[in-house]
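Scroll down for the structure; my scribbles are underneath it.
Each reported figure results from applying straightforward, stated rules to the coordinates on display, with no laboratory input. The structure displayed is predicted, hence computed values, not measured ones. Cβ sites come from the backbone with ideal geometry, for glycine too, and all protein chains shown count toward neighbours.
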Amino acid sequence: MVKREHLSLEMECLTLFQSNPYLFETIQGLEKRLGRKMSDLEPILESLTAQGILQRTGEGAMAYFRYKEPAVIAEFSFTSELEPL
Amino acid sequence: MKVSTGIRGLDKVLDGGIPQGSAIVLEGAPGTGKTTLGMQFLYKGIVDHNEPGIFFTFEEFPDQIYEDMESYGWDLKDLERKNRLRVIGISPDIFLDQMTSKDGLFEQLVREIDCRRIVIDSISLFEYLPDKTGENGRSLLYTLRNIVRKFGLTSLFIQELSSLDRRKIPFEHFIADGVIRLSLKEHMNIFRKRTLEVTKMRGTKINEGEHIYQITDKGIYLLLASQIVTDKYISDQNEKIKTGIPELDNLLGGGMAKGAVYMLDTNSKANYRHIVGAIYAERVKAGNRILSLLSSTQTVTELKALMDLYGIDIDQLAREKRLYFIEHYNRPFPAGWEGSVFHVQGMENKDYDRFLWEKCKGLVKECKENHKDWFAYYDLSTIFNERGAEYVLRSFAKETAFARSFGMTVLVLCNFKEVGEQAASFLERTSNGVFKTWVDGSYQYLQVTKSPDGQISKPYLLESIGQKPYIRLV
Ligand SMILES: Nc1ncnc2c1ncn2[C@@H]1O[C@H](COP(=O)(O)OP(=O)(O)OP(=O)(O)O)[C@@H](O)[C@H]1O
Ligand SMILES: [Mg+2]
């Protein structure tokens, strides 16, 4: 079902947001950052948002996406902070 | 309340730091270290002063910044995990949109980490962004300043600067509480140097002038241009010898260091006559024995006229054998000077070397035993012309060591530009101190660019005055 080029573009988006956890970008901004067409990015961002990996805020052109830190990892790094060894 | 900038030298320039809650423009050409300075401000704020911070970057990716800043040993991701720092990648249009939205992203982020400082890298694009009313982006910057003030955030707004757009005072300078400028300059066409200047800072006094900074493994390090005389080196005052120019003595922490070699680097237009005259006269008055090398332009007649100005009769001193001269040209000398003039014209380098070592060393040694101090003055261009560059480079370090071991203070006149980059950098390294004087437009400047204490100064204007020492640093 999912096209191969979609997969790699999905990985690209995912990597971008994972290595930049405090990146807040619109589709337009992502088009510039990734050098990919908006029309190609749109379905991928939709799908990542639906999976709960990205969070979308706002409407229209000013809607922006950010990475949603998986809860488990957040907790994990929190406890490791408390008990440094 | 002052906020430390994270750079000790800059805190000194700002008399303690940036007034809390101010919005400061930090401007500079590409590669001058704006991002580094901005991040240092946040990093040190967090680590040393417990003030969380947010870095907004519009053009750069946050992960690039994490990586770049690792070279200074700053672990930004660790601070993010501890909720003390955020490196936010965002487009300027959403940033501005969110900034003005009630409970928007900006407010949330500030609250989330109890943010006290922010850096925006950079505001350069703002000018081209239309605001809500479709007008130019200037009002955006004004809004931005008001918002950060409302939150009580101490802020740095980074501004890209190309040397081209320097026509008028930019709008940002009027609305900002302060302006810090970083520059990278060709220095006398020989050395490149980075300088920082604070051109404006509301609510604090500033130490004016261009201060030299370096980008080191630990971030930005600033060396203050002028320093207060009295706080250092009081202990070795008796090892300081006066130059006869009070302001210069102040810059040098009391005077030249005894036994040190100072280079006076002058360009062809600069008038160094009174600088040399003041120092020479002061040394005579202090009772020093003086050895000087006469140049093609500095004749005995010229020197006599110069010293007359300072009320010194060299004729008598030469006859008393308090002044000695090395003469490369076959010129006549007044009667009675026979014992104080060494004629070296036509002497091979080898013989000249031997003369220096045997004759001069003997003299200096003898006087040292009688507790007389020596001062030597010469124009290096004469040696370059008469003995060649190779000779200069070979013998200069040796002479420096000799001077030091006999406590003989030396002033050497040189034109760095004329002798070439390699020779100049060698001479600069070998000298213990360097004074530079040059003409720019209709003004002449003087700057201490090296001294044995490590003190360097900003450039001072050299003003002619009607009485001794006939010059003054302003
Ligand atoms: N550890 C280090 N020691 C010395 N210099 C360094 C070190 N790390 C980086 N630099 C230098 O610092 C310089 C300036 O870096 P920085 O990115 O802060 O400047 P900038 O003014 O923000 O530049 P730009 O206009 O490109 O954004 C770089 O040219 C780099 O070579
Ligand atoms: Mg930068």
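Quick rundown of the values:
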| item | result |
| --- | --- |
| Sorted largest first, extent of the protein assembly as shown alpha carbons per principal axis (Å) | 108, 46, 46 |
| Cα Rg over Rh - segment A:3-67, Kirkwood | 0.91 |
| Residues B:183, B:464, B:296 arranged by fewest to most Cβ contacts within 10 Å | B:464, B:296, B:183 |
| Restraint check, B:304/B:350; B:321/B:372; B:12/B:185; B:185/B:417; B:193/B:242, Cα-Cα greater than 21 Å | B:304/B:350; B:12/B:185; B:193/B:242 |
| Distance from segment B:1-53 to segment B:413-453 (C-alpha centre basis), Å | 32 Å |
| Residues of type aspartates and glutamates that residue B:398 reaches as a straight line, Cα spacing below 12 Å, ignoring anything fewer than 8 places off in the same chain | B:353 |
| Nearest-0.05 FRET efficiency for residue B:12 and residue B:83, computed from C-beta distance (R0 30 Å) | 0.40 |
| At q = 0.07, 0.08 Å⁻¹, base-10 log of I(q)/I(0) for chain B (Debye sum, equal scatterers on each alpha carbon) | -0.49, -0.60 |
| Cα-based reach from residue A:68 at 18 Å (exclusive), listing lysines while leaving out same-chain residues under 8 positions away | B:77, B:82 |
| Estimated D of segment B:336-474 in µm² per second, where Rh is the Kirkwood radius over Cα pairs and Stokes-Einstein applies at 4 °C, 1.567 mPa s | 75 µm²/s |
| Contact order relative to length of chain B, as percent, for alpha carbon pairs under 8 angstrom and 6 or more apart | 15 percent |
| Coil-residue trypsin sites (Lys or Arg not before Pro) of segment B:350-438, DSSP, other Cβ within 10 Å capped at 14 | B:372 |
| Inter-chain shielding of B:56-69 (mean C-beta neighbours from other protein chains, 10 Å cut-off) | 2 |
| Percent RCO, i.e. relative contact order, over segment B:2-223, from Cα pairs under 8 Å lying at least 6 residues apart | 30 percent |
